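Notes follow once the structure below has been shown.
Readers should treat all values here as calculations from the given coordinates under stated rules, not as data from a laboratory. Treat the numbers as computed from the prediction; the structure is a model and nothing was measured. Cβ coordinates were reconstructed from backbone atoms using ideal geometry, including for glycine residues, and neighbour counts include every protein chain displayed.
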Amino acid sequence: MSYFMYDVMGGAVDEPDPEAMERVLDGLANADDEHPDVSLSHESEWCLSAFRSGLLIWENTEDDSVAPVKMREVTREETLRLFRLLAAGDIASIEALPWQR
């Protein structure tokens, strides 16, 4: 399965391993109003975006009929766990979480 991440400056990282995911997430320390998040996108078009505040947004970037959902105050460890699930294509486990509409 194919997946990639965008770092805080918009640079793409193809199929990052867990250590590369951590480095990309660490880049949130440099987030600003113009570059507020990092994200991981899967070939299924599902995407997780993480913000320095602990906000996570879960969305399907190609299906406008599916509204984005969010979770607040998500820990770094949980964010990394969810990035790994998405990289593995485990959409169902992510969907099962208590997202806010």
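Peptides 40-53, 65-78 ranked from most to least packed by the mean count of surrounding Cβ atoms within 10 Å: 40-53, 65-78. Charge tally for HIS35 (other residues, Cβ to Cβ under 12 Å; Lys, Arg +1; Asp, Glu -1): -4. Highest-first packing order for the peptide set 82-92, 24-34 is 82-92, 24-34, based on the mean count of other beta carbon atoms within 10 Å.
When Rg and the Kirkwood radius Rh are both evaluated on Cα atoms of the chain, their ratio Rg/Rh stands at 0.92.
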